[in-house]
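The values are calculated or read from the model by the stated rules, or taken from the named source; none is laboratory data. Bear in mind the structure is a predicted one, so any value in this text is a computation, not a measurement. Here the Cβ positions follow ideal geometry from the backbone for every residue, glycine too, while neighbour counts run over all protein chains shown. Areas reflect the complete protein model, heavy atoms only, side chains present, ligands, DNA and RNA absent. Shrake-Rupley method; radii C 1.70, N 1.55, O 1.52, S 1.80 Å.
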Amino acid sequence: MSNSNRPPPAEESSDEESRTPIRRRRHIDLTPTNSNPVTGLIRGGSVRDPARLNHLSPGPIVHESKSATFKEGLIEGLDGTIQEVAPLLRTVSLRVRQQVQSTLSDPLKRKTDRIGSEIREGKRKMDALSAKLTLPKFMKDSKRSLATNDDAPSSSDDESMDGEALDQIERENIVDMYEKLRREKKWLAMLKQMDEHKPAKKLQERVWKGVPLKLKIRVWPRLLNIDRLRRDCRDIPDKDGKGIYDQLKARAKLVSRDVKQIDLDINRTFRNNEIFRDRYCVKQKSLLNVLVAYSMYNTEVGYCQGMSQIAGLFLMYLDEEEAFWCMHALMVSQKHTMHGFFVPGFPKLARFEQHYIKLVKKYKSKVSKHLDKLDIPYIYMTKWWFGCFLDRVPYALALRIWDVFLWEGDAVLLAMGLNIMKMHEKRILKCGFEQFMELVQDGLATNFGYSNDVVMESLHAILDKLRSDKLDRPPPPAEGSLPEVPTKAYGPILAKTLDQIKCEVAEVRSRSSRANSMVASRTASMISPEAAAERQKLKKITVATGRTPRPARRNNGAARLQSESSLQRDSRPPAPESFNATFSNGAPPTEEVPFKIPSRGSMKGSPYEQQQFPEAPKRGPVRPMGLSGKEQMRAYSSGKMPPAQPPSSTSSSLRMRPGNNDSLKSTDTSSRKSTYDNVHTDRQPSSPQRTITVRDDRSGKLVYISRGGDDDSPPGQMDDILNYGPEPPSVTHLANHVTYVKIGEDGEANEWTTKM
Amino acid sequence: MSSAPHKKALLKVIILGDSGVGKTSLMNQFVDQRFSNQHKVTIGADFIMKDMLVDGRLVTMQIWDTAGQERFQSLGVAFYRGADCCVLAYDVTNSTSFKNLDPWRDEFLIQASPRDPEHFPFVLLGNKVDLAQDRAVSRKKAEAWCQTKTKMPYFEVSAKEAVNIDLAFQTIARAALARESQDTQDFPDFPAQVLLDCGNAKSSSFCSCQ
């Protein structure tokens with residue numbers, strides 16, 4: 001096929017429509033889309049470059065499979081000159097084709113063959129389509145001439161074997177269909193066997209061959225063993241027939257603080273797929289349901305970017321409830337423990353990166369050296385691990401990897417990463433920094449360069465090798481590192497009935513509005529308008545959320561960082577953002593939302609911001625469902641947090657504060673950090689020494705604190721309004737081994753920063 | 001320009017800001033001159049490069065597009081280092097994203113730990129100005145904020161309608177270029193908190209004396 005026949009405008013638009021945005025392809029010469037690929041090839045010389053060949057394919061396919069309107073455009077653009085040029089083009093493309101064929105490596109040959117057959121297939125379809133249309137006579141005539149012109153440059157074989165080839169393709173298709181059916185039947189038989197609890201010997205082998213699309217709905221949940229998981233989690237329908245998922249879903253929508261982030265991400269998840277395309281369509285709704293429910297179930301993870309594509313993938317084949325449980329299985333099952341990837345601090349990510357680097361060094365030392373030389377940051381792997389190669393390899397291949405991933409576990413991630421380095425070794429060794437990043441981010445996702453079966457075979461071999469070398473899993477987490485499995489009870493919100501939650505939401509809402517009006521009237525007369533506004537905001541937060549607003553400095557980036565070293569973690573999912581109670585105008589428009597997303601007010605003012613969830617055992621094995629309903633209720637009432645502050649007391653919230661150190665330190669959800677509650681200093685923080693020592697009760701670590709350099713900013717304008725009073729220092733461990741310590745000194749909040 | 005024989009400059013730029021402010025879209029508009037509503041969630045960070053002419057000099061922009069969710073901030077250590085300019089982006093229809101600029105900036109300075117952080121070049125972009133009716137942060141407010149941050153350049157842009165994008169990135173490139181030529185050894189080889197660093201600095205200065 002030659003693109004040269006195409007009228008340029010039509011070509012442009014076809015490219016625009018047919019691709020999701022592909023990042024720049026400047027340096028690897030992947031730009032034949034704008035030029036003629038045939039001449040591009042001639043100019044480029046090196047036809048061995050798979051990337052070059054890969055990009056030959058989309059153009060013609062798109063061209064062929066275009067609808068009738070496109071074809072009409074073609075017909076219109078057709079004139080006599082093209083007919084004159086056609087024979088010349090034919091010769092040129094023939095030569096090029098021969099040259100290409102002679103230099104291709106095997107997988108590429110297969111690839112071009114496949115593309116050829118696809119083109120023929122597309123042409124057949126287009127012919128069938130245009131046959132259905134009743135075209136005016138002159139257009140029919142020109143169509144015929146177009147057809148001959150189109151055929152001409154495509155290939156030499158086409159002329160002689162057009163009919164034969166079509167016949168062959170049809171035969172192959174028929175055989176394929178029978179093969180597919182045969183495989184499905186085998187799977188069905190095997191599933192039946194498994195239902196009867198007979199061992200399925202061939203399961204492993206068949207998973208590696210790929211689970212048929214139609215049967216993923218039955219096989220995936222089974223591979224993840226979610227029946228057992230649901231039993232362990234005591235997912236027993238209540239009197240209304242609702243299981244944990246349904247109960248969670250109803251509650252979570254009222255109170256999950258991840259709704260906003262989830263909603264943002266849904267809009268960017270599989271949007272190139274029809275079923276997810278329309279805003280607020282059925283599947284997007286399902287996605288919201290699953291993610292919101294999960295954020296309230298596994299509160300340590302909450303919602304993390306990357307989870308949306310996993311849930312989206314499940315929702316393509318499974319229903320909501322199954323997707324939810326599959327998600328949970330991936331997070332907590334021993335084989336997968338994706339919890340460790342997504343939980344703040346990403347403890348498993350670092351471990352995987354390190355191990356992967358080690359593997360590349362051991363098995364592909366040349367690549368390893370090359371990448372080291374280029375100084376490639378490890379960040380490119382994040383999406384590999386977080387999404388198990390979704391969006392990093394073509395979707396069909398990703399599905400095959402997922403089949404295996406669900407069955408074999410996270411060793412597949414490492415093996416596939418290594419597999420990429422192995423299969424593309426030559427290409428990578430030629431890459432510069434930019435080309436490598438391009439390859440990993442977009443190149444492989446656009447075209448992997450090998451057929452899926454070949455990739456899977458290679459992956460299997462590598463996995464086996466890793467297993468025999470006992471390197472298929474990274475070394476266990478180091479002592480004292482962040483836990484990679486949940487340590488808290490699941491779904492604490494289930495302890496409350498829906499009515500209770502609704503009541504509390506309503507109460508908090510009315511309380512905050514009452515408080516606002518009182519504060520406004522009291523303060524307006526006393527201070528300058530600006531300060532009054534500031535104070536009003538502060539009190540609004542305090543009253544509405546039961547949280548103490550912090551001086552401006554504490555709301556800095558450092559404080560927002562996730563701790564990497566703390567053991568005691570906030571039991572709640574991270575707050576979407578800080579101080580947003582003061583910015584109700586920043587709320588997303590909700591009027592067009594067909595399902596109920598709690599408004600900012602209800603989310604912010606929800607009782608879950610005032611109360612900590614019951615403390616589950618800090619360490620120890622994963623607790624399936626944690627406490628029973630009653631136990632959880634008790635835990636709620638004996639929770640450390642003070643009860644919600646009395647509605648009327650706008651000033652009492654201020655009065656209470658000095659003595660109420662708990663709320664000062666641990667209610668700080670505005671920043672995603674963990675705070676050590678029981679910290680005491682070895683010295684009284686009274687004199688402005690440069691260094692002090694603090695012992696952390698929980699970990700027993702000594703923290704040396706020195707006066708920081710960048711903290712000379714005044715404690716914040718709010719301090720003159722809020723008298724903090726003496727309080728024990730609160731210590732926050734941040735990533736990057738920076739620890740922030742806040743120490744109250746005679747009512748003045750000083751900040752210290754330390755470097756450990 | 002007379003400075004033609006300059007070697008091609010490689011400028012590293014990091015773009016930061018809250019989730020959903022349009023960092024990826026800004027980048028796509030700048031690099032591919034197109035806006036798509038079908039881009040993906042950025043997980044970890046993505047990388048793009050683009051060549052451009054700045055004052056007659058060819059420069060290569062190495063742009064890192066980051067994930068906006070806060071918990072991903074901790075991964076910045078891996079690639080902030082060596083940045084020549086940091087672009088802060090917020091959404092003019094979302095005042096929270098404006099409010100969070102301070103934390104993003106502070107966090108960048110902590111993790112990248114450039115020498116002379118006071119004068120590290122930042123550029124502020126207020127995205128989505130095409131949604132004028134939903135505007136929540138006034139231009140004045142943003143400009144006032146920039147004034148307090150050593151006169152950070154500010155642009156009101158729209159990735160969707162390609163408003164001001166080129167101008168903004170020209171400025172970004174210029175700022176980065178100024179930074180890069182001023183001091184190539186901007187970043188210490190080791191994070192500041194590693195004690196070794198002091199020793200290193202000393203020994204290197206010792207060497208240079210010789």
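Kindly provide the set of residues from segment A:339-387 that are touching a Phe, Trp or Tyr at 6+ places or on another chain (Cβ under 8 Å), of a type in the set (A, V, I, L, M, F, W, C) and without any contact (Cβ under 8 Å) to a residue 40 or more places away in the chain, ordered by number.
A:LEU349, A:ILE357, A:ILE379, A:MET381
Which condition from (1) in a strand (DSSP E or B); (2) under 21 Å from B:THR171 (Cα atoms); (3) within 7 Å of chain A (Cβ to nearest Cβ); (4) not β-branched (Val, Ile, Thr) is the one that B:ASN28 breaks?
Among (1) in a strand (DSSP E or B); (2) under 21 Å from B:THR171 (Cα atoms); (3) within 7 Å of chain A (Cβ to nearest Cβ); (4) not β-branched (Val, Ile, Thr), B:ASN28 violates only (1).
Could you name every one of the helices (runs of 4 or more DSSP H) located completely within segment B:45-130 that has at least 1 residues being touching a helix residue (DSSP H, G or I) at 6+ places or on another chain (Cβ under 7 Å) and among the hydroxyl-bearing types (Ser, Thr, Tyr)? Walk me through it before giving the result.
Numbers: elements: B:77-80, B:95-99, B:101-112.
Ranges flagged: B:77-80, B:95-99.
Consider B:VAL13 against the criteria (1) touching a Leu at 6+ places or on another chain (Cβ under 9 Å); (2) more than 7 Å from chain A (Cβ to nearest Cβ); (3) open to solvent by less than 10 Å² (accessible area, probe 1.4 Å): it satisfies all of them except one. Which criterion is unmet?
(1)
Are any residues in segment A:291-344 over 17 Å from A:GLY387 (Cα atoms), within 14 Å of chain B (Cβ to nearest Cβ) and open to solvent by 10 Å² or more (accessible area, probe 1.4 Å), and if so, which ones?
Of everything in segment A:291-344, just one residue is over 17 Å from A:GLY387 (Cα atoms), within 14 Å of chain B (Cβ to nearest Cβ) and open to solvent by 10 Å² or more (accessible area, probe 1.4 Å), namely A:GLU300.
Taking segment A:244-272, which residues are within 18 Å of the chain's Cα centre (by Cα) and not in a loop (DSSP other than H, G, I, E, B)?
A:VAL259, A:LYS260, A:GLN261, A:ILE262, A:ASP263, A:LEU264, A:ASP265, A:ILE266
Name every residue in segment B:31-66 that is of a type in the set (A, V, I, L, M, F, W, C), facing another protein chain (nearest Cβ under 7 Å) and within 17 Å of the chain's Cα centre (by Cα), in order of residue number.
Filtering segment B:31-66 for residues of a type in the set (A, V, I, L, M, F, W, C) gives B:31, B:35, B:41, B:43, B:45, B:47-49, B:52-54, B:58-59, B:61, B:63-64.
Remaining after also requiring facing another protein chain (nearest Cβ under 7 Å): B:31, B:41, B:43, B:45, B:47-49.
Scanning segment B:31-66 gives B:VAL31, B:ALA45, B:PHE47, B:ILE48, B:MET49.
With the structure loaded, tell me whether A:GLN441 is closer than 29 Å to B:THR60 by Cβ and either touching a Leu at 6+ places or on another chain (Cβ under 8 Å) or open to solvent by 20 Å² or more (accessible area, probe 1.4 Å) (or both) or whether it fails that test. Before the answer, list the steps.
On the way: closer than 29 Å to B:THR60 by Cβ: yes; either touching a Leu at 6+ places or on another chain (Cβ under 8 Å) or open to solvent by 20 Å² or more (accessible area, probe 1.4 Å) (or both): no.
No.
Does A:LYS362 satisfy the criteria of being over 29 Å from B:LYS12 (Cα atoms), open to solvent by 10 Å² or more (accessible area, probe 1.4 Å) and away from every other protein chain (no Cβ under 14 Å)? Break it down stepwise before answering.
Working: over 29 Å from B:LYS12 (Cα atoms): yes; open to solvent by 10 Å² or more (accessible area, probe 1.4 Å): yes; away from every other protein chain (no Cβ under 14 Å): yes.
Yes, satisfied.
Report whether or not A:PRO347 is open to solvent by 10 Å² or more (accessible area, probe 1.4 Å) and either touching an Asp or Glu at 6+ places or on another chain (Cβ under 8 Å) or away from chain B (no Cβ under 14 Å) (or both). Spell out the reasoning first.
Working: open to solvent by 10 Å² or more (accessible area, probe 1.4 Å): yes; either touching an Asp or Glu at 6+ places or on another chain (Cβ under 8 Å) or away from chain B (no Cβ under 14 Å) (or both): yes.
Answer is yes for this residue.
Say whether the condition of being away from every other protein chain (no Cβ under 13 Å) and either surrounded by fewer than 22 Cβ atoms within 10 Å (Cβ to Cβ) or within 30 Å of A:VAL332 (Cβ to Cβ) (or both) is met by at least one residue in segment A:385-392. Walk me through it before giving the result.
Kept after step one, since they are away from every other protein chain (no Cβ under 13 Å), are these residues of segment A:385-392: none.
No, there is no match, as no residue in segment A:385-392 is away from every other protein chain (no Cβ under 13 Å) and either surrounded by fewer than 22 Cβ atoms within 10 Å (Cβ to Cβ) or within 30 Å of A:VAL332 (Cβ to Cβ) (or both).
With the requirement that a residue be touching a helix residue (DSSP H, G or I) at 6+ places or on another chain (Cβ under 8 Å) and part of a loop (DSSP other than H, G, I, E, B), what does segment A:331-374 give you?
Of everything in segment A:331-374, those that are touching a helix residue (DSSP H, G or I) at 6+ places or on another chain (Cβ under 8 Å) and part of a loop (DSSP other than H, G, I, E, B) turn out to be A:SER333, A:LYS335, A:HIS336, A:THR337, A:MET338, A:PRO344, A:GLY345, A:PHE346, A:LYS364.
Looking at B:ALA89, is it touching a Ser or Thr at 6+ places or on another chain (Cβ under 9 Å), more than 10 Å from chain A (Cβ to nearest Cβ) and open to solvent by less than 30 Å² (accessible area, probe 1.4 Å)? Even if it seems obvious, please write down each step before you answer.
Values: touching a Ser or Thr at 6+ places or on another chain (Cβ under 9 Å): yes; more than 10 Å from chain A (Cβ to nearest Cβ): yes; open to solvent by less than 30 Å² (accessible area, probe 1.4 Å): yes.
Here the answer is yes, as B:ALA89 does meet what is asked.
Within segment B:115-125, take every residue that is over 13 Å from the mean Cα position of the chain (by Cα) and away from chain A (no Cβ under 11 Å) and give me the one that is least open to solvent (accessible area, probe 1.4 Å).
If we filter segment B:115-125 for residues that are over 13 Å from the mean Cα position of the chain (by Cα), which is where we start, we get B:115-119.
Right, trim to away from chain A (no Cβ under 11 Å) and you get B:115-116, B:119.
On the way: B:ARG115: 117, B:ASP116: 76, B:HIS119: 121 Å².
Here the residue is B:ASP116.
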